[in-house]
1. Could the peptides 20-32, 470-482, 203-215 be put in order, highest first, of the mean number of other beta-carbon atoms found within 10 Å of their residues?
2. Residue by residue through segment 191-205, what is 3J(HN,Hα) from phi via Karplus (6.51 cos²θ - 1.76 cosθ + 1.60, θ = phi - 60°)? Round to whole Hz and write x for glycine and proline.
3. Just subtract the alpha-carbon distance of Asn523 and Thr66 from 0.36 nm times their residue separation and send over the number in nm, one decimal.
4. Placing +1 on the Cβ of each Lys and Arg and -1 on the Cβ of each Asp and Glu in the chain, which of Asn363, Ala9, Tyr427 has its Cα farthest towards the positive end of the resulting dipole?
5. List the residues whose amide H sits under 5 Å from the amide H of Phe94, counting only those 5 or more places along or on another chain, with H placed 1.01 Å from N in the peptide plane.
6. Please arrange Thr101, Thr188, Thr418 by how many other C-beta atoms lie within 10 Å of their C-beta, fewest to most.
7. According to a simple spin-label model (label point 7 Å from Cα along Cα-to-Cβ), what is the distance in nm between Ala5 and Asp268?
8. Counting each DSSP H run of 4 or more residues in the chain as -39500 (n - 2.57), what helix-only mean residue ellipticity at 222 nm follows after dividing by all residues, to the nearest 500 deg cm²/dmol?
Amino acid sequence: MKLIAPLAAGIRGAENGSVNLVLRGTTTPANYYADFEGTQLLPGTGVPLDSDGRLIAYVSALVDVTVYSSLGTDVCEFVAGDYDAAVEVISPSFTGIDYTTGASGTQKPTNLEIVLDRWLTSAGAPDFKVLFNGVPTNLSAAFSTTFFNVKNYGAVGNGIADDGPAISTAQAAATSVGGGTVFFPPGTYRITAAIPLAANVAWLGSGGMSTRLAVDSAVSVGAITLPANPAGSISSVSQMWFGYINGAAPGVYITYTGASSGEFHFTDCILGNDARSETLYAGVGGTSALKTVFTRCFMKISLTAAQLLINSGNARMIVRDCDLINANAVGVTMVDCVDNGVFEGNRFDWSAALAGPGIKYINIAPVTGSVVVVGNNFAANTAMACTAIFNSLAAPYLDCFEYGNVFGDMGSSAPGCTPYGYTTDGYAAIGTARQYNGHQTRMARTETLGGVAAAAVTVDPKAFGTSIVARTGGVNLTVNANKGSFGDKWVLHITNTAGVAITVAGGTNIIFDPGVAPLPINNFGLAEVTLAWLPSPAGVGFWYQIGKAVLS
C-alpha cells in the first residue's frame, strides 16, 4: 500500500473541496483504502476533502490525482503511487551497494528496477520469458520442448513400479520434436525389457549411483539396446547406473540390435558394481557398423567366463579414462575387439583371478581396421600370468598400435603381466600384409637375465626394447629370440663375468653380422648389438644386426 502523501498533508485552496482518483493514463475510477491494511475499500471519484484540504488515502496502483476546490475548480493534478526504481530491495538474493560505506554485496540496498533488469539481461526476453531459438518463450514451454522429465510421464523411481513404459513415452516425446534431454531424477527405475536408445536423444541421470536403471526379468534382457539409427545421429547417456534388481537373469546391459550408422556415447556411467549386479555380464555385444564411446565409466562384474566389452564386425568402439574390473575368480578375456577399437588412458584390473586358462585383458583379431591401445594401465596378477594385448589371429597381417602403456610388474615371467601375446609367433607373409603396427611401449622396457651359465638363453624382444644378459659361466653362448613386428628395433647387451673369454652366436630368429659372428667377448668385457626385425615375403623373418657391434 502507498499513502498519497500530498493529500495526507492537505492541499491549500482545496479546503472542503474534492478529489478524483483514476488509474494512471485512463479514465477508469480507481479504488482507495482508508487504512494501510486494506480493509476499508472506498470509491475514488468525487471524494470529499476536509476543511484543511486533507484525505487519508492508500492506493495499490499508480493513479492520476485531480484536486478540486469547494467551487469545483481544478486546483492541481499529479501522479501518486509507486514505480520500480523507487522501491528499495534488500535481499540475500541480490547484490546492492551500502549507502554509507559504498561496499558491494548481498543484503545491500538496490531497487526493483535493477532487479527486474537483471532478469531481462539473463533471460534475454521481457515478460519473464527466455529466448529459445531466438523467440521469446515462456519457461514452461521452453523446458517442455527440450527437457523431458521421466517422472512427468509416469515414472516413479521407487524400484518397485515398472518404469519402462514411462521412460519410453518420455523418449518418444523428445523424438517427436527432433530430440532433447530425457532427465532421470534420483531413484531406482525398474524395467522389465530393454529400451532402445533413440537417435539424437540424450539420457541424463543425477549422477553415479543416484540414478539407477535396474533390470528385473526372469529371462536375460539388457537395459539399453542400440538400434539401427541413421548415419550422423548421436545419442548419449550420462551419469547413470546400469544393473539388475534381483540378479536372477544374467544378461548384457547394452546390446546392438541393428546395422546402425549412428553414434552412442556413455559418459560418467556405472555398469555393475553392487552385490546383485557384480555377478552379471556387463558388456556391449553385437555386430553393427556403428560407433560406441565410453568415457569416464566404471565397469565391474564377477561372473565366471563373462566379458566386459565385445566389439565385433565393423563396429567402432572407443574407451577412454575408464575403470574395467572383473572381480571373478577365474580369468578369461576381459575385452574382445575385432576392428577399429581405441583404448586410451584406462585402468584394467583382473587381479582377483586365481585360476583359469589365463587372463587376456584385450583380445584383438583385426581384419579391416587396426586397434589403438594408448596410455593404459594393466594390473599384474599375483596368482597367475596375464596378457595385456593378445592377437588371436593364426597369421595376423594387422596388429595393434600401442604406446605409453604400463604392464603390471614390468616383468615377463608369471605371475605378472605379459605385454603382448599371439596365437602363433609371427605374422602373415609380408606381401599379403596391409599394415604392421608398432608396439612402442616395448622400447622403454628392459629385461634382465642374470646368472646365465647354460649354453643357450632365450630373450623376449617382442616385449622389450632392450635385453641384458649376464653371462656367469660356460664358454660359447647361443641367444634365441621370439619374432618381432615389421620395423621393430632391439638392443642386445651381454656382459661376461664367466672367468674366461666367450663367444656368442645367433640362434633362433637371430642373425649377427657374418663379419663378426660369433661375437667374441673378453672376460669382464661386454658386447652390445642393435638389431631390426625384417620379415620375408614367405612370412618368415629374422632379427638382423644393423650397424657395428660394440665389443670389449
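Values in this text are rule-based calculations from the coordinates and carry no lab data. Model, not experiment: these values are computed from the prediction. Here Cβ is always computed from backbone atoms with ideal geometry, including for glycine, and neighbour counts include all displayed protein chains.
1. Details: 20-32: 16.1, 470-482: 17.6, 203-215: 20.4.
Output ranking for 20-32, 470-482, 203-215: 203-215, 470-482, 20-32.
2. Couplings: 10, 10, 8, 5, 10, x, 8, 5, 5, 6, 10, 10, 8, 10, x Hz.
3. On the way: separation 457, 0.36 × 457 = 164.52 nm, distance 12.19 nm.
Extra length available between Asn523 and Thr66 comes to 152.3 nm.
4. Value: Tyr427.
5. Under 5 Å from the amide H of Phe94: Gln107.
6. On the way: Thr101 8, Thr188 20, Thr418 25.
Lowest count first: Thr101, Thr188, Thr418.
7. If labels sit at Asp268 and Ala5, their model points lie 5.3 nm apart.
8. On the way: 4 runs with 36 residues, N = 552.
After summing the helix terms and dividing by residue count, I get -2000 deg cm²/dmol.
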